[in-house]
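In what follows, a single structure is set out as structure tokens and then discussed.
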Amino acid sequence: MAADLTHPVRSLWDAMSRQRRELGVAGVMGAIASGSAVALLGVSAWLIATAAQMPPVLTLTVAAVLVRTMALSRALFRYVERLVGHDAAFRGLTQLRVSVYQRLEQLAPTGLRAFGRGDLLARLVADVDAALDLPLRVVLPWVQAVLVAGATVAFLAWLLPSVGLVIAVLSIVAVALVPWLVSLTSRVAEARMAPARAELTAMVVRAFDATPEIAAFGTAPSVAAQVSSLDDRVTRLNGRESFSLGLGGGIGTVVQGCAVTAALVLAVPAVLDGRIEPVWLAVAALLPLALFDVLGTLPSSALAYQRIRGSALRLAEVADLPLPVTDPRHPLALPHAFTGVEIRGMRARWVPDTLALDDIDLSVAPGSRIAVVGPSGAGKSTLAAVLMGFLPYEGSVAVSGVEIREADGDDLRRHVGLLTQQAHIFDTTIADNIRIGDPDASDESIELAVADAQLSSWIARLPRGIDAPVGGFGLSVSGGERQRIALARLLVARRSFVILDEPTEHLDGATADALSRTMNAALSDATVLLITHRLLGVEDFDLIVQLGKGRVVARGTHDELMRRGGWYAEQWTVEAERQDMSRLLPELPIGRAVPAP
Ligand SMILES: Nc1ncnc2c1ncn2[C@@H]1O[C@H](COP(=O)(O)OP(=O)(O)OP(=O)(O)O)[C@@H](O)[C@H]1O
Ligand SMILES: [Mg+2]
């Protein structure tokens with residue numbers, strides 16, 4: 001969907017209306033159905049009025065056949081219109097949803113900071129769903145209304161020009177003026193509706209996410225009060241929407257009454273002075289009645305238009321966000337064999353004017369293991385974001401000899417893998433979660449990855465084994481198991497260069513050590529860049545790079561950095577002493593009775 005914040009509905013229509021031919025057919029079919037309904041009343045009126053004069057029955061045959069035809073065609077064409085129109089609209093909706101999702105995917109993970117999770121959910125679900133009404137409740141009804149009004153006015157003008165003129169004027173009122181009034185009175189409420197609904201969704205999503213904290217701190221009543229106040233706002237906006245709709249409906253009925261009265265007032269003298277046959281009086285009076293029934297749907301179309309406008313604006317906001325990284329028009333393909341990473345004079349920033357990384361030089365040879373260490377905020381994860389193609393950079397970053405800004409992001413990520421501290425676990429089975437790494441992976445390679453990630457004994461204890469569901473966000477697995485599932489996913493993906501960004505961060509010491517050992521063994525063939533601020537365990541890495549405030553502060557092997565002193569040596573010594581201490585603790589006689597001297 002192309003971004004256009006000034007004409008959001010037009011962009012939405014462009015995205016929704018690729019099935020132009022089907023929508024056109026639906027419009028014509030709908031117009032024939034509505035036209036049949038109007039004509040049915042007209043022909044019936046003529047038939048009844050003529051029959052009252054008791055003419056020979058043959059005179060009535062054609063009209064009787066027409067009545068039956070119209071009654072049938074009204075239903076038949078309406079059915080076809082619904083079938084074709086809904087098919088086209090739902091296909092348009094799918095295309096729109098896919099294009100919005102693709103945009104979100106291009107923006108993720110670094111370009112979506114402006115939106116919350118619930119807000120994004122509302123945009124992808126509710127706002128996209130609202131677009132369905134654009135063809136079905138706005139465009140098609142209007143097209144039909146205009147076509148039927150035109151045909152009816154033309155017929156009435158042929159019958160009696162003055163009636164045609166009056167009905168033409170009142171039709172314009174019903175097609176344009178009344179919907180405009182509905183739009184005007186509902187515009188403010190409808191503009192607020194989509195954001196209000198999104199806020200409600202976001203609040204509910206937040207409340208669900210934080211259920212344990214809410215229960216633990218007893219804040220459920222205040223959260224419920226917030227949800228209820230947001231819900232009240234949506235209800236109030238609904239009330240204002242109903243007011244506008246009621247106003248439009250009321251005026252529409254008055255217009256309909258005026259149309260019938262005016263037709264009678266003009267047609268009666270015409271009958272009296274012989275300009276038209278008396279039987280046409282009923283036709284002149286009843287055709288407007290049926291016509292304005294058709295036009296009576298337009299106030300709700302106007303309301304739907306305003307609602308769609310709110311949603312279209314929110315979708316355009318997503319489409320309008322600048323991409324954090326744009327793929328080149330003619331990307332260079334990365335070679336199959338990994339030949340290392342070369343970073344030269346690289347700088348990167350999250351926000352303008354603030355460098356998160358500055359003047360970074362780093363060579364990663366194939367098969368080597370490099371640790372990037374440093375205090376919190378040093379820029380370690382930023383380095384991972386650049387290497388994954390999530391963040392633009394200055395200087396040079398080449399993977400297997402290809403500058404990554406010249407490569408396609410997806411191609412790059414087929415060579416470079418990432419395991420983060422909080423890998424996302426989907427609400428499905430363990431097997432499916434692992435298979436995300438490679439949708440075509442065979443059962444054998446999944447089993448191999450499970451074994452390498454040391455999950456086999458845990459899975460063997462589960463009643464449903466690898467087909468056990470893990471719950472929403474992996475709630476029914478422990479932190480260690482979650483990371484091992486994510487590791488198995490990474491192993492299945494077989495990336496030649498693997499970035500591990502604090503994969504043991506949220507785990508206790510023993511679990512973290514066990515996972516580190518597993519990772520070292522499982523990834524022994526890969527080239528590994530381990531990001532960590534936990535220094536125990538990096539001693540035998542080929543190179544340790546210490547970052548500080550976005551710059552390389554020191555680099556070397558463990559022994560070199562220890563000899564050099566500074567942050568690394570101090571931090572490593574503190575951690576080593578703490579570990580010795582925790583090993584000693586169980587042996588200390590704490591809590592045990594000390595025999596009296
Ligand atoms: N998404 C972001 N938007 C804006 N600024 C960011 C973003 N991510 C990181 N930064 C900033 O970039 C700098 C480096 O952050 P980074 O996450 O790379 O640090 P880190 O070394 O990984 O820290 P930690 O050990 O806590 O994970 C910090 O000043 C941080 O505030
Ligand atoms: Mg980090």
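Remark: V325 matches the filter, which requires a residue to be farther than 25 Å from M16 by Cα, more than 16 Å from ligand 2 (Cβ to nearest atom), open to solvent by 10 Å² or more (accessible area, probe 1.4 Å) and outside the structural domain of L391 (by TED's automatic domain parsing). Scanning the stretch 556-582 for residues that are farther than 22 Å from L362 by Cα and among the aliphatic types (A, V, I, L, M) yields V574, A576, M581. Across the stretch 391-411, the qualifying residues are those that are buried (at least 21 other Cβ atoms within 10 Å of the Cβ) and within 16 Å of ligand 1 (Cβ to nearest atom), and the one among them that is nearest to H533 (Cα to Cα) is L391. Restricting V163, V175 to residues that are β-branched (V, I, T), over 25 Å from S244 (Cβ atoms), out of contact with any Ser or Thr (no Cβ under 8 Å at 6 or more places or on another chain) and open to solvent by less than 30 Å² (accessible area, probe 1.4 Å) narrows the list to V163. Cβ-Cβ distances below 7 Å connect the following pairs, each with a first residue in the stretch 359-379 that is at positive phi, a second residue that is open to solvent by 10 Å² or more (accessible area, probe 1.4 Å) and of a type in the set (A, V, I, L, M), and a separation of six or more residues or different chains: G379/A356.
Against the condition more than 15 Å from A449 (Cα to Cα), in a helix (DSSP H, G or I) and of a type in the set (A, V, I, L, M), how does A486 come out, does it pass?
Details: more than 15 Å from A449 (Cα to Cα): no; in a helix (DSSP H, G or I): yes; of a type in the set (A, V, I, L, M): yes.
Against the criterion (more than 15 Å from A449 (Cα to Cα), in a helix (DSSP H, G or I) and of a type in the set (A, V, I, L, M)), A486 does not qualify.
Residue under question is V254, and the condition is that it be within 47 Å of the chain's Cα centre (by Cα), open to solvent by 50 Å² or more (accessible area, probe 1.4 Å) and either modelled with pLDDT of 95 or more or among the basic types (K, R) (or both); does it hold? Yes; evaluated as a whole, the condition is true for this residue.
Identify, from the list G118, G92, G111, the residue that is part of a helix (DSSP H, G or I), touching a residue at least 40 places away in the same chain (Cβ under 8 Å) and under 30 Å from V386 (Cβ atoms). Walk me through it before giving the result.
Working: G92 fails: under 30 Å from V386 (Cβ atoms); G111 fails: part of a helix (DSSP H, G or I).
Every option except G118 fails the conditions.
Being touching a residue at least 60 places away in the same chain (Cβ under 8 Å), out of contact with any Lys or Arg (no Cβ under 9 Å at 6 or more places or on another chain) and surrounded by fewer than 18 Cβ atoms within 10 Å (Cβ to Cβ), is that true of even one residue in the stretch 528-549? For the stretch 528-549, residues touching a residue at least 60 places away in the same chain (Cβ under 8 Å), out of contact with any Lys or Arg (no Cβ under 9 Å at 6 or more places or on another chain) and surrounded by fewer than 18 Cβ atoms within 10 Å (Cβ to Cβ): present. Does R123 satisfy the condition of being assigned by TED's automatic domain parsing to the domain that holds V283, surrounded by 17 or more Cβ atoms within 10 Å (Cβ to Cβ) and at pLDDT 95 or above? It is false that R123 is assigned by TED's automatic domain parsing to the domain that holds V283, surrounded by 17 or more Cβ atoms within 10 Å (Cβ to Cβ) and at pLDDT 95 or above.
Only one of S363, S368 is away from ligand 2 (no atom under 16 Å from the Cβ), open to solvent by less than 40 Å² (accessible area, probe 1.4 Å) and small (G, A, S); which?
Values: S363 fails: open to solvent by less than 40 Å² (accessible area, probe 1.4 Å).
Only one candidate passes the filter, namely S368.
Residue-by-condition table, conditions (1) farther than 23 Å from D14 by Cα; (2) out of contact with any His (no Cβ under 6 Å at 6 or more places or on another chain); (3) of a type in the set (V, I, T); (4) part of a loop (DSSP other than H, G, I, E, B):
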position: V139; (1), (2), (3), (4): no, yes, yes, no
position: A145; (1), (2), (3), (4): no, yes, no, no
position: G150; (1), (2), (3), (4): yes, yes, no, no
position: V153; (1), (2), (3), (4): yes, yes, yes, no
position: V169; (1), (2), (3), (4): yes, yes, yes, no
position: L177; (1), (2), (3), (4): yes, yes, no, no
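Can you tell me which residues in the stretch 22-53 are closer than 20 Å to P135 by Cβ and of a type in the set (S, T, Y)? S34 - this is the single residue of the stretch 22-53 that is closer than 20 Å to P135 by Cβ and of a type in the set (S, T, Y).
Go through the stretch 259-269 and report how many residues are farther than 13 Å from A157 by Cα and either touching a Pro at 6+ places or on another chain (Cβ under 9 Å) or among the small types (G, A, S) (or both). Full working, then the answer.
First, pick out the residues of the stretch 259-269 that are farther than 13 Å from A157 by Cα: 259-262, 264-265, 268-269.
Among the residues that remain, those that are also either touching a Pro at 6+ places or on another chain (Cβ under 9 Å) or among the small types (G, A, S) (or both) are: 259-260, 262.
Residues flagged as farther than 13 Å from A157 by Cα and either touching a Pro at 6+ places or on another chain (Cβ under 9 Å) or among the small types (G, A, S) (or both) within the stretch 259-269 amount to 3.
Screening the candidates V254, V204, V223, V234 for the property of being in contact with a Lys or Arg (Cβ under 8 Å, 6 or more places away or on another chain) and either part of a helix (DSSP H, G or I) or within 26 Å of P299 (Cβ to Cβ) (or both) yields one hit, V234. Count of the stretch 422-456 residues, restricted to those that are in a loop (DSSP other than H, G, I, E, B) and in contact with a helix residue (DSSP H, G or I) (Cβ under 8 Å, 6 or more places away or on another chain), is 12.
Which residues, counting only those in the stretch 498-516, are in contact (Cβ under 8 Å) with a residue 24 or more places away in the chain and away from ligand 1 (no atom under 16 Å from the Cβ)? V498, G509, T511, D513, A514, L515 - these are the residues of the stretch 498-516 that are in contact (Cβ under 8 Å) with a residue 24 or more places away in the chain and away from ligand 1 (no atom under 16 Å from the Cβ). Pick from the stretch 343-381 the residues that are polar (S, T, N, Q) and in a strand (DSSP E or B): which of them is nearest to I499 (Cα to Cα)? Among those that are polar (S, T, N, Q) and in a strand (DSSP E or B), it is S363.
The values are calculated or read from the model by the stated rules, or taken from the named source; none is laboratory data. Just so you know, these numbers come straight off a predicted model, no measurement behind them. When we count neighbours, we look across all protein chains shown, and the Cβ atoms used for this are built from the backbone with ideal geometry, even at glycine. Areas reflect the complete protein model, heavy atoms only, side chains present, ligands, DNA and RNA absent. Shrake-Rupley method; radii C 1.70, N 1.55, O 1.52, S 1.80 Å.
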